[in-house]
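*Asks:* I'd like to ask you about the structure that follows.
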């Protein structure tokens, strides 16, 4: 991990929480919990993933993109656009 990834620890922590939440929903399904409850929890997981994705994008823009521009690497914009297209569908 390089110095320009200042949000990486927060990202890892959020992903760990999402992982635990996902495991809990899996257990809820195995226990036969109400479908509506499962859908509500899946919506919460989806929201948490979107939030984590935004933080990753912020980390990338403030770190990787800034560094690449300073170094004259213009391919970073193309790569960023490709990543955004895949993230936002």
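*Asks:* What fraction, in whole percent, of alpha-carbon pairs in the chain exceed 15 Å separation?
*Replies:* Value for the chain (Cα pairs over 15 Å): 67 percent.
*Asks:* Still on this structure, I have one more. Just want to confirm a number: the relative contact order over the range 8-87, from Cα pairs under 8 angstrom separated by 6+ residues, in percent.
*Replies:* 32 percent
*Asks:* Quickly work out the residue 11-to-residue 49 label distance, labels modelled 7 Å from Cα along the C-beta direction, and quote it in nm with one decimal.
*Replies:* About 1.7 nm separates the two model spin labels.
*Asks:* Quick one: 69, 25, fewest Cβ neighbours within 10 Å first, how do they rank?
*Replies:* Neighbour counts put them in this order, fewest first: 69, 25.
*Asks:* Another question, if that's okay. Sort 35, 64 by Cβ crowding within 10 Å, fewest neighbours at the top.
*Replies:* In increasing order of surrounding Cβ atoms, one gets 35, 64.
*Asks:* Where is the GNM fluctuation largest for the chain (alpha-carbon springs, 10 angstrom cutoff): 15, 61, 39?
*Replies:* 39
*Asks:* Right, next: For each of 40, 11, count neighbouring Cβ atoms within 10 Å of the residue's Cβ, then give the residues from fewest to most. Each step should come with its number before you reach the end.
*Replies:* Details: 40 11, 11 16.
By the 10 Å Cβ count, ascending, the order reads 40, 11.
*Asks:* Here is a further query. Starting from the Cα of residue 62, step 7 Å along the direction of its Cβ; do the same at residue 30; then give the gap between the two resulting points in nm.
*Replies:* Taking the simple label geometry, residue 62 and residue 30 are separated by 3.8 nm.
*Asks:* How many angstrom lie between the Cα centre of the range 5-35 and the Cα centre of the range 50-89?
*Replies:* 25 Å
*Asks:* I would also like to ask the following. For the chain, what does the helix formula give at 222 nm: sum of -39500 (n - 2.57) over DSSP H segments with n ≥ 4, over the residue count, nearest 500 deg cm²/dmol?
*Replies:* -24500 deg cm²/dmol
*Asks:* With a Förster radius of 25 Å, plug the Cβ-Cβ distance of residue 22 and residue 83 into 1/(1 + (r/R0)^6) and report the FRET value to the nearest 0.05.
*Replies:* 0.65
Computed from the coordinates by the stated procedures, all read-outs in this text should not be read as laboratory data. Keep in mind that this is a model prediction, so the values were computed, not measured. Positions of Cβ are backbone-derived with ideal geometry, glycine not excepted, and every protein chain shown enters the neighbour counts.
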